[in-house]
Each structure stands twice: as structure tokens, then as C-alpha cells.
Amino acid sequence: MAKEPLIICVCGMAGSGKSTLAKKLAEKYGFKYYSGGDALKALALERGHKSTEDGWWESKEGLSFLEKREKNPEFDRAVDQKLLEIAKHGNVVLDSWTMPWLLENGFKIWLEASPRKRAERVAKRDKTTVKEALKALRRKEEKTKAIYEKLYGFKLGEDFTPFHIILDTDNLSAEEVFQVLSLVLDKLVFGKI
């Protein structure tokens, strides 16, 4: 294990496998797991939204909260400040759309997947049709990208400069993604192998 506290950031659009991977990496390395999306859902819950269901972000209510975020950046700023504070302690895996750009250090992973594959995964998770999932993902991502570009100036899903590795997950199972990135982290971050 590395001597200094480490940060692993996992990023990718919805349905790319980022949350699944981040949780598995945290378990493997004995790190804590934190999700920017979960923190935003907790803020939504505090404000009366029913944000505890799977697929909430793609629901009408989730998209309504997204519109509130567009008008008022306080939600995103609060979550990002919390994650930055957590990162200072190290030995964490952050599942976040902003941390790769906001953190100077850490090993940063981008999971790439086609819109079709991501919609298939989201449809299966949320028990909806691929067509509906694709429509919801497009709306959500368009608004989310606008929020982060306005707040921080980066283009989510287009600017890959902060990342150490980009992995296409279209034809890989969650276990295969985990195995590949475990090998990469063992070698490049933890100095094993």
C-alpha cells in the first residue's frame, strides 16, 4: 500500500458503471466511498423531494431538482466543498462528476460508454424502456453539463485532460471493468505486481 493517503476519482456519464466500480474499488483497497450524486440526493431529500429511489435523477422529480440546481448553484457548491474536505484526509474513492477537475491530486478514471449502452443499463436498473432511458439521460446530461460549465468552466464528457486513464466499458461486464482497473491501480498507484 502507498505510504501517503490516496484519492481515487471515478467519473463517467450515467450508466457507464462509475458507481459500481467506485464501490468495488473502495472495498478492495479499504478506502471510504463518497458519491457526489448521493450527496446531492440527500440535499434534495432535505428540501422535500423523494430522492431515495433508484433512477430518481432520470425521473420527472429528479429533472425538476436539476432545474433548481441550474438556477441556484448553492447545491453543487455545497457538495463539492464537502467532497474537497473529505479528499484532504485521503484514502477515499470519490464517485463524482466534478472532483477530477477540482482536485489537484488523486488518480482519475473516466469510464466511457456509448449513449445506447448506457441507456440499456439505466433501463434495466430503473425498469423502464431503453427509449425512455435514452430520452431522460439526454435531458439530464444536457442540463448537468450546462451547470458545470457555468460553475467551473469544464465540459463534462468532452474535456478529458484531468484523467490518467479512460476505459471504454461498452463491451465489458462490471467485473471485467473492476479487474482491469484493479490491475492498473495495483501497478501505477500502489506499486504492486
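The values are calculated or read from the model by the stated rules, or taken from the named source; none is laboratory data. Everything numeric in this text was worked out from a predicted model, so none of it was measured. In this analysis, Cβ positions are derived from the backbone assuming ideal geometry, glycine residues included, and neighbour counts consider all displayed protein chains.
What about Thr52, is it hydroxyl-bearing (Ser, Thr, Tyr) and free of Cβ contacts under 8 Å to residues at least 40 places away in the same chain?
Details: hydroxyl-bearing (Ser, Thr, Tyr): yes; free of Cβ contacts under 8 Å to residues at least 40 places away in the same chain: yes.
Judged against the criteria, Thr52 is a match.
Quick one: how many residues across the stretch 1-52 are touching a helix residue (DSSP H, G or I) at 6+ places or on another chain (Cβ under 9 Å), over 20 Å from Lys108 (Cα atoms) and not hydrophobic (A, V, I, L, M, F, W, C)?
6
Do you know which of the residues in the stretch 71-98 that are part of a helix (DSSP H, G or I) and without any contact (Cβ under 8 Å) to a residue 24 or more places away in the chain is surrounded by the most Cβ atoms within 10 Å (Cβ to Cβ)? Working first, answer last.
So in the stretch 71-98, the residues part of a helix (DSSP H, G or I) come out as 71, 74-89.
So of that shortlist, the ones also without any contact (Cβ under 8 Å) to a residue 24 or more places away in the chain come out as 71, 74, 81, 84-85, 88.
Details: Lys71: 8, Glu74: 11, Gln81: 11, Leu84: 14, Glu85: 9, Lys88: 10.
By that ranking, first place goes to Leu84.
Residues checked against (1) of a type in the set (Lys, Arg); (2) surrounded by fewer than 19 Cβ atoms within 10 Å (Cβ to Cβ); (3) part of a helix (DSSP H, G or I); (4) out of contact with any strand residue (DSSP E or B) (no Cβ under 9 Å at 6 or more places or on another chain):
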{"site": "Asn105", "(1), (2), (3), (4)": "no, yes, no, no"}
{"site": "Ile109", "(1), (2), (3), (4)": "no, no, no, no"}
{"site": "Ala119", "(1), (2), (3), (4)": "no, no, yes, yes"}
{"site": "Lys124", "(1), (2), (3), (4)": "yes, yes, yes, yes"}
{"site": "Thr128", "(1), (2), (3), (4)": "no, yes, no, yes"}
{"site": "Ala133", "(1), (2), (3), (4)": "no, no, yes, yes"}
{"site": "Leu137", "(1), (2), (3), (4)": "no, no, yes, yes"}
{"site": "Lys145", "(1), (2), (3), (4)": "yes, yes, yes, yes"}
{"site": "Glu149", "(1), (2), (3), (4)": "no, yes, yes, yes"}
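If Pro162 satisfies all but one of (1) modelled with pLDDT of 95 or more; (2) farther than 19 Å from Leu21 by Cα, what's the number of the condition it fails?
Of (1) modelled with pLDDT of 95 or more; (2) farther than 19 Å from Leu21 by Cα, only one is false for Pro162: (2).
Does the stretch 16-23 include one or more residues that are modelled with pLDDT under 85, buried (at least 20 other Cβ atoms within 10 Å of the Cβ), on the phi < 0 side of the Ramachandran plot and not hydrophobic (A, V, I, L, M, F, W, C)?
Step one: filter the stretch 16-23 for residues modelled with pLDDT under 85, giving none.
No; the residues of the stretch 16-23 include none that is modelled with pLDDT under 85, buried (at least 20 other Cβ atoms within 10 Å of the Cβ), on the phi < 0 side of the Ramachandran plot and not hydrophobic (A, V, I, L, M, F, W, C).
Kindly indicate whether Glu176 is at pLDDT below 95, of a type in the set (Asp, Glu) and part of a helix (DSSP H, G or I).
Answer is no for this residue.
Among the residues of the stretch 24-40, write down those that are touching a residue at least 24 places away in the same chain (Cβ under 8 Å) and more than 11 Å from the chain's Cα centre (by Cα).
Lys24, Leu25, Ala26, Lys28, Tyr29, Gly30, Phe31, Lys32, Tyr33, Ala39, Leu40
For the stretch 30-47: of the residues being modelled with pLDDT of 95 or more and surrounded by fewer than 20 Cβ atoms within 10 Å (Cβ to Cβ), which is farthest from Lys143 (Cα to Cα)?
Residue satisfying both the conditions and the ranking: Gly30.
Please go through the stretch 121-143 and give me each residue that is touching a residue at least 24 places away in the same chain (Cβ under 8 Å) and closer than 18 Å to Thr169 by Cβ, ordered by number.
Passing the criteria: Arg121, Val122, Arg125, Ala133, Leu137, Glu141.
Please verify whether the stretch 153-166 includes one or more residues that are basic (Lys, Arg), part of a helix (DSSP H, G or I) and within 28 Å of Glu70 (Cα to Cα). Write out each step before concluding.
Let us first name the residues in the stretch 153-166 that are basic (Lys, Arg), namely 155.
If we keep only those that are part of a helix (DSSP H, G or I) as well, we get none.
No, there is no match, as no residue in the stretch 153-166 is basic (Lys, Arg), part of a helix (DSSP H, G or I) and within 28 Å of Glu70 (Cα to Cα).
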